[in-house]
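Undergrad: Here you go, one structure.
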2 protein chains.
Amino acid sequence: MSDAPAPSQAPTAAETDPNTLGWMQGFPPSQDKLITFHDGSFRNFPELRWAWSNVRQLVPTVNVWRGAGGTSTLPRAERDIGASTSTTMDGRPMTFARMFDETYADGIAVLHKGKLIHERYAGALKPHKPHIAMSVTKSFTGTLAGILVAEGKIDPQAPVTDYVPELKDSAFGDADVHEVMDMTTGLLYTEVYTDKNSDVWGLRRANGMAPIPPDYEGATDIFSFLCTQKKQGEHGKAFAYKTVNTDVLAWIIRRASGMTLSDLLSERIWAPMGAEEDAHYHVDRIGTESGGGGLSTTLRDLARFGEVMRNHGRFNGRQIVPAAVVEDIERGADPAKFKPAGYTTLPGGSYRNQWWVTHNEHGAYMARGVYGQGLYIDPKAEMVIARYASHPVAGNAANDPVTLPAYMALAKELMIRG
Amino acid sequence: MSDAPAPSQAPTAAETDPNTLGWMQGFPPSQDKLITFHDGSFRNFPELRWAWSNVRQLVPTVNVWRGAGGTSTLPRAERDIGASTSTTMDGRPMTFARMFDETYADGIAVLHKGKLIHERYAGALKPHKPHIAMSVTKSFTGTLAGILVAEGKIDPQAPVTDYVPELKDSAFGDADVHEVMDMTTGLLYTEVYTDKNSDVWGLRRANGMAPIPPDYEGATDIFSFLCTQKKQGEHGKAFAYKTVNTDVLAWIIRRASGMTLSDLLSERIWAPMGAEEDAHYHVDRIGTESGGGGLSTTLRDLARFGEVMRNHGRFNGRQIVPAAVVEDIERGADPAKFKPAGYTTLPGGSYRNQWWVTHNEHGAYMARGVYGQGLYIDPKAEMVIARYASHPVAGNAANDPVTLPAYMALAKELMIRG
């Protein structure tokens, strides 16, 4: 899933720091330092190191309001974890600090027992600036769906067409809601980031994250794109990671709640958890949020959401997500349905309601997004790691061998040191 | 300057309420309720009644951060001013409440002696949502320029090319900074909103607020557009309202401060005044803010800025704008240079550093933007009125005859009643 040189050949994080390189600096920036949406340069490496912290400047967006209730406190208990040691999946000795640099992190926040013990930023990211979460967005969508299921507004066993009858003639015409929640639908759609002919590019054009050529005949909004999806194979048999499932789930959520995804996220999660800054989704040409990958948040607010989950939905003095919704995610889905997908860095894992469940010794589960975005929740170690990044390689298989062992090593250290 | 039916023939505010009409409601909205950037429908009336409260959903933007210092309090002392009576310039009896409806206001906030005595919203606007300020933006740009002049970073007597040498061969090649501040340059550029061939459309394509046709050969960014401006007549002789002056002034500000307009506004005004919400500018294809008309703010934050000005720059416990900058604006410019422009609703007025000065009996001055945006500061009555609107007619001559007498009548009432 690499669409850039492997890390070993790519220039380092320090060499591609967008500030040092002067991307988009100057009034106006010089021609060779320009990053624009229209020429597609925002997707190139190292330009994306600037772009993923500045999505709003490239495309239309809609706010997820933080509400008027004030910011929740993230108590600080900083400690130096930079020297925490681990061994990468390919056997190299590693430190937490070196992991940060080697995997092109733009920011990492670590919470232990609810306290912010480590927070570091690099490149174009700042504490108050939102960074695109990419597919970490999906876990927000899944959690919102879970809330509505708990309230009886969505029936996971019902057909998708109970909520979105317009999908009748699409691949989703005979799918049930739980199959899109767990991504076990059988779809012709492909999501290969390195292949310019992959369907994911059609989705990007539809959802506003790729320019639309003047003579383009494909779908130019998300809903139209979903309606054209074709079935391949059977539903319910195996996990296959395809973003259109999440966009369908987002549509079910809108129909079931009568609200936009942005307003629902604001009302149910962003305001109650006392987010520090507004978040935002990028939107398509008719104002629809990309529920599959369009959310941008600050690093700290992502960490707050991690705490919401780690505490079984209780945070900032209130029950934000029903405990049963979190516990269902923690339990995960059937690893047998996950195995055929061949995620070698996630052996024994499963995918449940838009979350990646490790089934490891700590019961850790994750939200994951391309280019290294992640939210890692380790219930046993009472640890949450929020991470934004701008890795040269889209697929997380490129950073997992370094990041995942570093997270587990840190978790074990914290459990020992308390 | 009308590009829509006169108010008497246009449907009323109630008839064009975007919520009642169902604009952009539904998932997805039905075809006849869609408002998009690409088809230009966002500029039509009544679609603009939705669009001016949702600019961010249509075009790329950049945040003006409110800072981490917290929101300043706007103490409340609500009173019923809806029945305040006035007589319109064409002799009709009017009330404040009817003025609100008749001039398609989306929101009006009135401060008296620093207290919020009246706040009302309609249509698509909500207290926490930013609304486009249109050319009210210019007064922020002028005030920032004034701050930098006071700090010795901009010399108003210097040639524009001292700061932006690239403008050497343009109309601004022999203009001085104070001439762009007061809009007394001689330019071929025309700004006639009703004329689709007027240069203002070229500016809109350049600044990102109009779609760019595939074969378009004009400038596609603000800076390139400014460099192509041609001179007509002489500089310094008369006031002529042309937005390109403000965009040039914004460029001088960037060069003199070394900061983007958004970061400068955040650092110098938005954060110190304790804004409640982030503001935002829409940006062109290379990320440049429209300093001439691209700012969106909440109504309350616009009112806060009015208080900053009314208090000669002191607000939220600190001196935000040097008093001399405000006093210079209050004094205004030479009405003789303003008179030839023929603003019949503003007799005896002048234009000073991007502010409209009435020279009326209360020494009131204003920030003004098309479709009815306004910030009215009445120093003698200690009154500030912030107003956002979505009037069918762009030019303020369409609402001035109703709004300005209503403001003066309310001011006099407040002075009597205390």
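Undergrad: Would you say residue A:103 is in contact with a helix residue (DSSP H, G or I) (Cβ under 7 Å, 6 or more places away or on another chain) and either closer than 30 Å to residue B:125 by Cα or among the hydroxyl-bearing types (Ser, Thr, Tyr) (or both)?
TA: yes
Undergrad: Take residue A:105 and tell me if it is over 30 Å from residue B:257 (Cβ atoms), touching a Phe, Trp or Tyr at 6+ places or on another chain (Cβ under 9 Å) and surrounded by 20 or more Cβ atoms within 10 Å (Cβ to Cβ).
TA: Yes; evaluated as a whole, the condition is true for this residue.
Undergrad: Can you tell me which of A:317, A:306, A:342, A:294 is of a type outside the set (Ser, Thr, Tyr), over 19 Å from the mean Cα position of the chain (by Cα) and within 28 Å of residue A:207 (Cβ to Cβ)?
TA: Selected residue: A:342, the only one of A:317, A:306, A:342, A:294 that is of a type outside the set (Ser, Thr, Tyr), over 19 Å from the mean Cα position of the chain (by Cα) and within 28 Å of residue A:207 (Cβ to Cβ).
Undergrad: Take the residues of the stretch A:256-276 that are within 11 Å of chain B (Cβ to nearest Cβ) and within 18 Å of the chain's Cα centre (by Cα): which is nearest to residue A:75 (Cα to Cα)?
TA: Taking the candidates together, the pick is A:266.
Undergrad: Which residues, taken from the stretch A:211-263, are β-branched (Val, Ile, Thr) and within 30 Å of residue B:213 (Cβ to Cβ)?
TA: A:212, A:220, A:222, A:228
Undergrad: Restricting attention to the stretch B:395-410, which residues are farther than 21 Å from residue B:93 by Cβ and crowded, with 23+ Cβ neighbours inside 10 Å?
TA: Matches in the stretch B:395-410: B:396 only.
Undergrad: Let me ask something additional. Out of contact with any Pro (no Cβ under 7 Å at 6 or more places or on another chain), aromatic (Phe, Trp, Tyr) and more than 22 Å from residue A:386 (Cβ to Cβ), is that true of residue A:27?
TA: In short, yes.
Undergrad: Looking for whichever is in contact with a Lys or Arg (Cβ under 8 Å, 6 or more places away or on another chain) and among the basic types (Lys, Arg) here; the options are B:242, B:237, B:230. Which one fits?
TA: B:237
Undergrad: Still on this structure: Limited to the stretch B:327-352, what total is found for residues that are free of Cβ contacts under 8 Å to residues at least 24 places away in the same chain, under 28 Å from residue B:72 (Cα atoms) and of a type in the set (A, V, I, L, M)?
TA: Number of matching residues: 0.
Undergrad: So, of the residues in the stretch B:44-77 that are more than 30 Å from residue B:265 (Cα to Cα) and touching a residue at least 40 places away in the same chain (Cβ under 8 Å), which turns out to be farthest from the other protein chains (Cβ to nearest Cβ)?
TA: It comes out as B:45.
Undergrad: Within the bounds of the stretch B:157-167, is there any residue that is more than 28 Å from residue A:29 (Cβ to Cβ), surrounded by 24 or more Cβ atoms within 10 Å (Cβ to Cβ) and not hydroxyl-bearing (Ser, Thr, Tyr)?
TA: Checking the stretch B:157-167: not a single residue is more than 28 Å from residue A:29 (Cβ to Cβ), surrounded by 24 or more Cβ atoms within 10 Å (Cβ to Cβ) and not hydroxyl-bearing (Ser, Thr, Tyr).
Undergrad: Can you confirm whether the stretch A:400-410 contains a residue that is in contact (Cβ under 8 Å) with a residue 60 or more places away in the chain and in a loop (DSSP other than H, G, I, E, B)?
TA: no
Undergrad: Does any residue in the stretch A:231-258 that is of a type in the set (Asp, Glu) come within less than 8 Å, Cβ to Cβ, of a residue that is assigned to a helix (DSSP H, G or I) six or more places away or on a different chain, and which pairs are these?
TA: Cβ pairs passing all conditions: A:247/A:203; A:247/A:207; A:247/A:222; A:247/A:225; A:247/A:226.
Undergrad: Something else now. Restricting to the stretch B:16-33, give me the number of residues that are closer than 26 Å to residue B:193 by Cα and either within 14 Å of another protein chain (Cβ to nearest Cβ) or at pLDDT below 95 (or both).
TA: 5
Undergrad: Here's a follow-up. Within the stretch B:131-148, does at least one residue satisfy the condition of being modelled with pLDDT of 95 or more and surrounded by fewer than 16 Cβ atoms within 10 Å (Cβ to Cβ)?
TA: The answer is no; no qualifying residue exists.
Undergrad: Right, next: From the list A:371, A:351, which residue is within 17 Å of residue A:395 (Cα to Cα) and touching a His at 6+ places or on another chain (Cβ under 8 Å)?
TA: A:371
Undergrad: If you don't mind, there's one more thing I want to ask. Out of B:23, B:50, I need the residue that is closer than 25 Å to residue B:403 by Cα, of a type outside the set (Asp, Glu) and surrounded by 21 or more Cβ atoms within 10 Å (Cβ to Cβ). Which one?
TA: B:50
Undergrad: Turning to a different aspect of this structure: Does residue B:45 count as crowded, with 17+ Cβ neighbours inside 10 Å, at pLDDT 95 or above and more than 30 Å from residue A:165 (Cα to Cα)?
TA: Judged against the criteria, residue B:45 is a match.
Undergrad: Same structure, new question: Tell me, yes or no, whether the stretch A:205-222 has at least one residue that is charged (D, E, K, R) and in contact (Cβ under 8 Å) with a residue 24 or more places away in the chain.
TA: yes
Undergrad: Taking the stated definitions as given, is residue A:13 surrounded by 13 or more Cβ atoms within 10 Å (Cβ to Cβ), more than 14 Å from chain B (Cβ to nearest Cβ) and among the hydrophobic types (A, V, I, L, M, F, W, C)?
TA: In short, yes.
Undergrad: Determine which member of the set A:121, A:163, A:104 is aromatic (Phe, Trp, Tyr), touching a Lys or Arg at 6+ places or on another chain (Cβ under 6 Å) and modelled with pLDDT of 95 or more.
TA: Step by step, each of A:121, A:163, A:104 is checked, and only A:163 is aromatic (Phe, Trp, Tyr), touching a Lys or Arg at 6+ places or on another chain (Cβ under 6 Å) and modelled with pLDDT of 95 or more.
Undergrad: While we're looking at this one, here's another question. Within the bounds of the stretch B:252-263, is there any residue that is of a type outside the set (Phe, Trp, Tyr), touching a Gly at 6+ places or on another chain (Cβ under 9 Å) and more than 17 Å from residue B:172 (Cα to Cα)?
TA: yes
Undergrad: Give me the helices (runs of 4 or more DSSP H) completely within the stretch B:1-113, filtered to those with at least 1 residues that are farther than 17 Å from residue B:134 by Cβ and β-branched (Val, Ile, Thr), ordered by residue number.
TA: Here the list reads B:18-21.
The values are calculated or read from the model by the stated rules, or taken from the named source; none is laboratory data. Keep in mind the model is a prediction, meaning the values are calculated, not measured. Backbone-built Cβ (ideal geometry, glycine too); neighbour counts: all protein chains shown.
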